[in-house]
Structure formats: C-alpha cells, structure tokens
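The structure appears below as structure tokens.
Just so it is clear, none of the values below were taken in a lab; they were calculated from the coordinates. If you're wondering where the values come from, they're calculated on a predicted model, not measured in any experiment. Virtual Cβ from ideal backbone geometry, glycine too; neighbours counted across all protein chains shown.
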Amino acid sequence: MAKIPLYRPQDAMCHEKMDDLLGEIQKVLESGWLTMGPETEKFEKAFASYVGCKYAIATNNCTSALYLALNSLRLKKKDRVAVPILTFVATANAVRWARAEPVFCDVAEDGEIDPAELEKLLETDDTIKCVIPVHLYGFPCDIKKIGRLTKERRLWMIEDCAQSQGATIDDQKVGSLGDAGCFSFYATKNMTTGEGGAMVTNNKEFRVKAQLVRNHGQTKTPKQKAKAWKYDVVDLGFNFCMGEIEAAIGLKQLAKTDSMVQLRREIARRYKEELEKIDGIEMLHDPESEDSRKGVYHLLVVKIEKPYPLTRNKLYLHLQKNGITTGVHFPPLHYLSYYKETTNYRKGDFPCGERLYSKILSLPMFPYMTDQEFQDIIKVLKMRAP
C-alpha cells in the first residue's frame, strides 16, 4: 500500500493551472518589487473583501498577525487574555509576546471553546481584557455566544482563524465577527502561500498600528520612500511583512478557495458515511449538521472510544504500520513543558479538553484525495488489528 499523507500541500497549489501561477511569480520577479509592493496591496484588498472586513494587513505568518492584533489593544503586564486549552501553542505564545498573560479555558465535546466555561471564567476574573476564540480544525466555534459575553463585559475579542479560512456562521465569514481576525496561509492550510498570514479588522486605528509595527515602526513604506526618502520611526516594530511572491500566490489561491473547501466537505461527507458503519469512531464535526456554522475541514478529527478495539495511540500505530499518516491536534496547553513550568495549571484542571486529547485522531484530509486512497484508509480502520 502506498503511503497516504496527513496533508498533501501541493493539492492546494492548483497544479492544473501551474503555468498561470508561475507566470504571476515571474511578473513579480521582473517588477523589481519583492516585498510591500503592488501585489501585497492587491492581496490585502481582495482578502479583506473576501472575509467581509474593511482592512487586511498581510503578514509573514499567523503568529505575527495575532501579535499585531493583541499589540493594537495596548495591553498591560497584568492584563490577561482567555484562550482555549486545545489550540496550537501560537495562540498562547502571542499573548505572552504582547506582554499579557494567557488564561486557559476548557472546551466542549467538539473541541471548541466552551461558552459556559468561558462565562464562569469571566465571572471570577476581572483582569481578563480580551478573549481569543479559536475556530479549531476549520470549524467555527460558537462565536455569537462568546461575542455576547465579551460585549456585555466590554472586552476585546480577537478571532484565531488560522485553520478556518472560508468557514461561515449564518453565511458570515469567520474573522469578521470580532475586533480583529487572524489567518494562516501555511503550507498545510486550505489556502496557502507557503508561509504567510493576515490580520483583518474594521478598526482603522488597529490597521494603522499594525501597519507600523509590521514594518519596524516606520512612517513610510518602501514605495513612499522611493518618492521622498525622509522617514521617522514612531513605534517599536518588527519585520512581519509578506513578500510579493507570496501575495501573488495568495491572489491565485483566493480565487479557488471556495472550490477547495467544497472538495474537503465532500470528502468529509464520505468519511461520515463510512465511519458510521464502524462502532467506536465518531467524527467531531458533522458535515450534514443543520447548524448555522459551516466548517471547512482543515483537519478531519475523529474520537476513538469503546467498543472500538484499539485505543487512540494503538490505532495511530496501526495506521502508521499500514502506510497511513495521522496526527493528534493538539496537546492541552498546560501539558506542554513551557506552560507547565510557567503557570499554575495542573493535570485535571480541564477535564473535557484532557479527555478529548486522549481520544482524538486526525485522519488524512486533502482536496484531491483519490478514491483508492480513501478506500485504503477505511479498509485499515475496519481491520481492527490488535
């Protein structure tokens, strides 16, 4: 059996139109603009329009976008930011880099931040100034309930959309429901520029602040300097800029994002049909749900429980032995050595998140999965080897 990967990044690169993509890259190389030029400007306008926000600030990755969003809030050292216990570590790391302290919140059975647990947290901690709901695995969390909680308490809300570009709630794109939204275009994402990210917002002050910090706090872009060299530095900044080649790729990717999402949803429906025949394996998100939240299946996450004869860890090894790569997304943040050593959280503090972590497994998911690859995955899941 040929090896089946967890992701296939090249599927997102529109291989049937590779000449078009290479042509755009050649234009960039010939233009003389390799960063912060016209392609970046076009991409920012197009992406803001796609999400449904006034502004987009293109960055080198989503972690930078999260930092820029948090930095716009001007948080103080003792301020705290609520993040879900199940998320990639970048969500919490960005809070620390923004001089604030992450406070962890348990998740619900679908892995998304639990609004009821968040409400309890907010009732007992008045140092929380911001909430970062994460649309995990490409599926929207209950952002409307969370939004009501933050609005009632006059808290900031920054959406972590790293895995959910294209996901919707009542036909409104994620990233457009908070004070800012942050996206990733990493190689494995539904839309990729190789590396890259973006912050979106309707807040003009956030946009201005983020643009400054993204470019070393300089008052002029390279384009503006070409007309008149004199500039000033008015803020402490970094080089978080997206390159022109990445922006050109992003424009091509954006045009086909919705079609890639549809392919993923179709694969998710096939998984649902087959997994319903296997006792003990359950998808975390139902592609046939009548809920107003529509996911994009960046990851296809299942929960392994009895009566399935293998534990999650044994199934991982069983699939690996048969040439199928899977993953576990993600360890609870307080299990990671850095946060174990620098916070007071201990095992048992987040029962739902910890229980889910022991059972979840991410199965292969990519747009152009062949019928043979899909059948091979299902066949091995049904083998139930000891």
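Couplings 3J(HN,Hα) for the range 214-230, derived from phi with the Karplus relation 6.51 cos²θ - 1.76 cosθ + 1.60 (θ = phi - 60°), are 4, 10, 6, x, 6, 7, 10, 7, x, 5, 5, 5, 5, 8, 8, 5, 5 Hz, where x marks Gly and Pro.
Placing +1 on the Cβ of every Lys and Arg and -1 on the Cβ of every Asp and Glu, with no other charges, gives the range 257-383 a dipole of roughly 500 debye about its Cα centre. Backbone N atoms of the range 358-385 closer than 12 Å to the 7 Å Cα→Cβ label point of Thr311 belong to residues 358-359. For the chain, modelled as a GNM whose springs connect Cα atoms under 10 angstrom apart, the maximal fluctuation among Gly295, Gly166, Gly37 occurs at Gly37.
Relative to one another, the C-alpha centroids of the range 103-135 and the range 263-323 are positioned 26 Å apart.
Starting with the fewest neighbours, write out Cys53, Cys182 ranked by other beta-carbon atoms found within 10 Å of each beta-carbon. Intermediate results must be reported in sequence, preceding the final value.
Working: Cys53 22, Cys182 33.
Ascending number of Cβ neighbours within 10 Å: Cys53, Cys182.
Since only Tyr297, Val83, Ile169 are under comparison, the one whose Cα sits farthest along the positive direction of the charge dipole of the chain, derived from C-beta charges on Lys, Arg, Asp and Glu, is Val83. Segment Asp349..Asp286, full-extension length gain: 19.9 nm, with 0.36 nm per residue of separation and the alpha-carbon distance subtracted. With 20 Å bins beginning at zero, the pair-distance distribution over Cα atoms of the chain amounts to 28, 56, 16, 0 %.
Rounded, prolate or oblate: which fits the range 155-303 when a ≥ b ≥ c are the square roots of the eigenvalues of the alpha-carbon gyration tensor, with rounded for a/c under 1.5 and prolate only if a/b beats b/c? Note, shape of the range 155-303 comes out prolate.
Relative contact order for the range 153-305: what is it in percent, counting Cα pairs under 8 Å that are at least 6 residues apart? Write down the numbers at each step before the final one.
Details: 228 pairs, mean separation 34.3, N = 153.
Contact order relative to length: 22 percent.
Taking neighbour Cβ counts within 10 Å as the exposure measure, how do His298, His216, His285, His318 sort from fewest upward? Intermediate results must be reported in sequence, preceding the final value.
Details: His298 28, His216 14, His285 23, His318 18.
Result, fewest neighbours first: His216, His318, His285, His298.
Subtracting the Cα-Cα distance of Asp19 and Ser259 from 0.36 nm times their residue separation leaves 84.5 nm of extension gain.
Please tell me the relative contact order of the range 257-383 in percent, rounded to the nearest whole number, where contacts are Cα pairs under 8 Å and at least six residues apart.
Numbers: 138 pairs, mean separation 39.1, N = 127.
Answer for the range 257-383 is 31 percent.
Each of Phe47, Phe374 was scored by other Cβ atoms within 10 Å of its Cβ. Listed from fewest to most, they are Phe374, Phe47.
So what is the relative contact order for the chain, in percent, with contacts set as C-alpha pairs under 8 Å and at least six apart? Let's see the in-between values first.
Numbers: 787 pairs, mean separation 86.8, N = 386.
Taking the mean separation of contacting Cα pairs over the length of the chain, I get 22 percent.
Modelled spin-label separation between Gln375 and Glu195, with each label point placed 7 Å from Cα along the Cα-to-Cβ direction: 4.2 nm.
For the chain, with only Lys/Arg (+1) and Asp/Glu (-1) charged at the beta-carbon, what is the dipole magnitude about the Cα centre, in debye rounded to 20?
Details: 56 positive and 52 negative charges, 209 e Å.
So the dipole magnitude of the chain works out to roughly 1000 debye.
Looking only at the chain, where both bridge partners belong to it, what percent of the DSSP beta bridges are antiparallel (to the nearest 5)?
On the way: 26 of 42 bridges.
The antiparallel proportion sits near 60 percent.
Loop by DSSP (not H, G, I, E, B), at most 16 other beta-carbon atoms within 10 Å: where is the longest site-free stretch of the chain for GluC sites (Glu not before Pro)? Numbers along the way, then the final one.
Working: sites that count: Glu109, Glu195, Glu276, Glu288, Glu290, Glu305.
That would be 1-108.
Loop-resident trypsin sites (Lys or Arg not before Pro) (DSSP state other than H, G, I, E or B) in the range 281-354 with no more than 12 further Cβ atoms inside 10 Å of their Cβ: Arg346, Lys347.
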